[in-house]
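Rule-based calculations on the coordinates, nothing more; no lab input. Source: prediction; values computed, not measured. Please note: Cβ atoms are built from the backbone with ideal geometry, for glycine as well, and neighbour counts cover all protein chains shown.
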Amino acid sequence: MKTPRHLRCSSSMLRLCFGWTFALTLLLSASFVCAQDQDEDVPPADVSSGEPEPDPLLDQVVALAAGVTRPDIAVLSQALHVGEKVEDDPSLPPKTLAPLGDLDGDGVPEMVLSWPLPAIERDAASAAIPGQHLLWSFYLLSWNRTSWKASSLGSAIGESTVRAINLARPLGRAIAVVTSESPSVYPSVFQIKDHAAVLLWDSQADQSRYEPLLQGHVEFQSHGSASAEMIVSGRADPGLLEIDPNGRRGFNARAVYHWDGQAYMPVSTVFSPNQDYTLYRFISALHLHDFRSAYALIVPGQFLAAAAPTVDSFREFIRDTWPEFVGDSVFRAREAPAGSPEDYAFELSVPGKHYLYRPTFSTDGKLLLTGLTRTTEVVAAEPEPKEP
């Protein structure tokens, strides 16, 4: 189940659950093929994940747009005060109005209004994100032959993009909105019905198969009359090997999604190999007790310091020496200090102890593990609170 927007957490339990899913995806190389019926009218999917938050500006935008009775963009801009500074808060950037294209074929292009709001109360995590101090609301303006009709395209803190895409028959032209909620991005898709934007798919809905990537980027590639392909790139969030969302650790991924008539569904994911990718596959294989897959990620003679290593001897070595790898442990990648070379160290805290692991890798381009050392730091127990 997807966690509702703005209520996500990064607890070890959530990461552990994600780690199982992510590990199975990597080890089984699952692919998903989705059928699309292009002959029948497809109703919008159930995209709700709770009651939507009311838009405090929508009624005002609707009223201002409805007062313009000509398909004149200049007059519309003047009515919406586009480009003007806000008198109550001159520090806010001005509203913008941009053409989206003639999506309904009436000869008048649809427009996107971007409306900045003052700083809102945020939690400590959001407040620490540089440059994210504005809430932007987005609206579709569509000419309905007598006046302009306004509808909401959602809100976001940070940068967002709005573009027209093709979803093939019977849906045709649609609107893709990609919002940034650092460190990830989340797309949604709208259809135009009766000159208003209607939500078709929200990547943050509970049943969505979308998996965000850290420092991610979403693009849509057109394919003629076929539905646009969605490409998501960024750093994978491995779950069993926690990484700093804004750091350098982790590995890159590129996922391809196809529209199945109601939602964008994943069809393939390609990961860029590096040292952290090897570490993650090693940890996840041991977590699943798949010793043969983990063994394939090491240089056996060097890693086990043995003349005739086997999978069985590797299994016994792990269980006797590092039993934490076959349990429910969630490790954390340690960021190297700025300016120093990365050593790909990772760590684990358990009651009374803190483990630090330092791996070494082969230099033949395969990036196999040639060694792994563990140092232990004894952590003093916290004193029990005194009785009042």
| Do any trypsin sites (Lys or Arg not before Pro) in region 257-323 lie in a DSSP loop with no more than 14 other beta carbon atoms within 10 Å, and if so, which? | none
| Euclidean distance of C-alpha centroids, region 300-375 and region 62-108, integer Å | 58 Å
| note | Under the 7 Å Cα-to-Cβ spin-label approximation, Val379 and Val326 lie apart by a distance in nanometres of 2.5 nm
| field | Potential lengthening between Val311 and Gln221 on full extension [0.36 nm per residue; Cα-Cα distance subtracted] | value | 27.9 nm
| note | Each label sits 7 Å from Cα toward the beta-carbon; between Glu347 and Arg163 the label points are separated, in nm, by 4.1 nm
| Which length gain, in nm to one decimal place, applies between His289 and Ser91 when the Cα-Cα distance is subtracted from 0.36 nm times their residue separation? | 65.6 nm
| Between Val198 and Arg70, what FRET efficiency follows from the Cβ-Cβ distance if R0 is 25 Å, with the result rounded to 0.05? | 0.45
| query | At a Förster distance of 45 Å, what's the computed FRET efficiency of Asp102 paired with Val267, Cβ-Cβ distance as r, to 0.05? | reply | 0.90
